[in-house]
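*Asks:* This structure is in structure tokens; I'll ask about it shortly.
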Amino acid sequence: MLFKRETETSEPRRTQILEAALRIVAAGGPDAITFRRVAERAGVPLGSLTYYFESREDLLREAFRLYLAEAAAFVRDVEEGSRSHTPSQVIEMVMAIMRREFSDDPAMVRVEYELILYAVREPELAREFNAYERWMETKLAGSLEKIGAPRPIDAARTIIDVARGFEIERLTHAGAQLEDLQRRLSLVIDALVNDRPAEPRNLRRRRAQQANRRRRSAS
């Protein structure tokens, strides 16, 4: 499960409410959130919602923040249990994250996309989501640098985009298989690791001119 722990400083009932809110978002989007509906889903008195949260918007922001915190912990757990010294090990690390996403709590995959759309209208939340994205990119770039990717940050962003594309495909097409993603990742990572920046056009022209001069002088 994505939500498998609470921090020492968190209040169990508040966390329970936020988790219930995220379940509702996963099923019906942010518009489905009402204090009454969340209270019923969480199994807590309605007054608990007004005690912890000033408004429906406050509840949604805090629920999405919980999601980001737990998602980061989730990725960190997988990374700590993985080796990433070869391309195949990097692929397996990404696949381990995706397998757990879809087997442990597939409804939570939808939450992230609801969060992205909601953050469009919430600049502060957008900044927090972007910070989470940059953190993921940096973690993955470190692994890609170890296996020789010449542009690890660009490579990390590309791999994350491939994974997100598969998530959307899987959400809209239940028949999409993780093996398809693994095959795509193998192709992409091979291309990214073996990518070398092309020579500038003027440098290529200069090299060609030098080669022509050498041929003329030799003849």
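The values are calculated or read from the model by the stated rules, or taken from the named source; none is laboratory data. These numbers come from a predicted model, not from an experiment. Ideal geometry is used to build each Cβ from the backbone, glycine not excepted, and the neighbour counts take in all protein chains shown.
*Asks:* What tally of residues in the range 16-61 results from selecting those that are acidic (Asp, Glu) and closer than 24 Å to Arg100 by Cα?
*Replies:* 1
*Asks:* So which of Phe53, Phe74 is surrounded by 14 or more Cβ atoms within 10 Å (Cβ to Cβ), aromatic (Phe, Trp, Tyr) and over 27 Å from the mean Cα position of the chain (by Cα)?
*Replies:* Being surrounded by 14 or more Cβ atoms within 10 Å (Cβ to Cβ), aromatic (Phe, Trp, Tyr) and over 27 Å from the mean Cα position of the chain (by Cα) holds for just one of Phe53, Phe74, which is Phe53.
*Asks:* Taking only the range 147-177 into account, find how many residues are surrounded by 15 or more Cβ atoms within 10 Å (Cβ to Cβ) and touching a residue at least 60 places away in the same chain (Cβ under 8 Å).
*Replies:* 6
*Asks:* Now for a separate question. Among the residues that make up the range 17-24, is at least one of them within 28 Å of the chain's Cα centre (by Cα) and exposed (fewer than 12 other Cβ atoms within 10 Å of the Cβ)?
*Replies:* no
*Asks:* Does Ile159 satisfy the condition of being assigned to a helix (DSSP H, G or I), within 26 Å of the chain's Cα centre (by Cα) and modelled with pLDDT under 95?
*Replies:* No.
*Asks:* Here's a check for you: in the range 25-35, which residue that is touching a residue at least 12 places away in the same chain (Cβ under 8 Å) and in a helix (DSSP H, G or I) is surrounded by the most Cβ atoms within 10 Å (Cβ to Cβ)?
*Replies:* So, considering only residues that are touching a residue at least 12 places away in the same chain (Cβ under 8 Å) and in a helix (DSSP H, G or I), the one surrounded by the most Cβ atoms within 10 Å (Cβ to Cβ) is Val25.
*Asks:* Being surrounded by fewer than 16 Cβ atoms within 10 Å (Cβ to Cβ), farther than 13 Å from Ile91 by Cα and charged (D, E, K, R): is that true of Arg183 here?
*Replies:* No; evaluated as a whole, the condition is false for this residue.
*Asks:* Return yes when Ser103 is farther than 21 Å from Ile33 by Cα and either in contact with a strand residue (DSSP E or B) (Cβ under 6 Å, 6 or more places away or on another chain) or surrounded by 15 or more Cβ atoms within 10 Å (Cβ to Cβ) (or both) and no when it is not.
*Replies:* no
*Asks:* Sticking with this one: If you check Ser219 against the conditions, is it among the polar types (S, T, N, Q) and at pLDDT 90 or above?
*Replies:* In short, no.
*Asks:* Here is a further query. Answer yes or no as to whether Phe129 is more than 24 Å from Gln16 (Cβ to Cβ) and touching a helix residue (DSSP H, G or I) at 6+ places or on another chain (Cβ under 9 Å).
*Replies:* no
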